[in-house]
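Asker: I have a structure I would like to understand better, so I am pasting it below and will then ask my questions one at a time.
The values are calculated or read from the model by the stated rules, or taken from the named source; none is laboratory data. Since this is a predicted model, take the numbers as computed values, not measurements. Every residue, glycine among them, receives a Cβ derived from its backbone with ideal geometry; neighbour counts consider all protein chains shown.
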Amino acid sequence: MVEICPKCGLPKDICVCDVLDKETENKIKVYTKKARFNKVVTIIEGLAQDEIESTAKSLKRTLGCGGTYDTVQIELQGNHTKDAKKALAGLGYKEQNIEITTF
């Protein structure tokens with residue numbers, strides 16, 4: 001028997017919930033701030049809690065940097081604002097939902 005997704009009602013093989021969640025998501029904010037010892041870090045906020053861990057791992061691998069995450073945000077070492085926007089778009093997030101903020 002084929003399993004049915006409770007969210008979209010389609011079989012699990014062709015479930016589109018992940019794609020729909022990324023398309024209807026809130027604004028994703030990407031900005032930099034100074035951390036300890038005047039080092040610059042890139043902060044990414046606005047992702048769904050269940051996607052933060054996998055997105056952080058993908059971004060760190062793609063951008064070739066270190067970083068961390070918690071339940072609210074992803075923190076990448078260095079200034080990766082423009083590259084992070086391209087990488088997020090490559091992961092399936094809409095570019096018009098990604099906002100780069102400068103302080």
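Asker: Taking the conditions exactly as written (among the small types (Gly, Ala, Ser), under 23 Å from residue 18 (Cα atoms), buried (at least 17 other Cβ atoms within 10 Å of the Cβ) and touching a Phe, Trp or Tyr at 6+ places or on another chain (Cβ under 8 Å)), does residue 87 satisfy them or not?
Answerer: no
Asker: For residue 62, all conditions in the list (1) in contact with a helix residue (DSSP H, G or I) (Cβ under 8 Å, 6 or more places away or on another chain); (2) farther than 23 Å from residue 18 by Cα; (3) polar (S, T, N, Q) hold save one; what is the number of the exception?
Answerer: (2)
Asker: Still on this model: Looking at the range 40-84, which of its residues are among the basic types (Lys, Arg) and either at pLDDT below 95 or exposed (fewer than 11 other Cβ atoms within 10 Å of the Cβ) (or both)?
Answerer: Listed by number, the residues that qualify are 61, 82.
Asker: Okay, next question. How do the pairs read when you match residues in the range 72-98 that are without any contact (Cβ under 8 Å) to a residue 12 or more places away in the chain and farther than 16 Å from residue 35 by Cβ with residues anywhere that are of a type in the set (A, V, I, L, M, F, W, C) and assigned to a helix (DSSP H, G or I), using Cβ under 6 Å and keeping only pairs 6 or more apart or on different chains?
Answerer: Once the first residue is without any contact (Cβ under 8 Å) to a residue 12 or more places away in the chain and farther than 16 Å from residue 35 by Cβ and sits in the range 72-98, its partners that are of a type in the set (A, V, I, L, M, F, W, C) and assigned to a helix (DSSP H, G or I) give 95/89.
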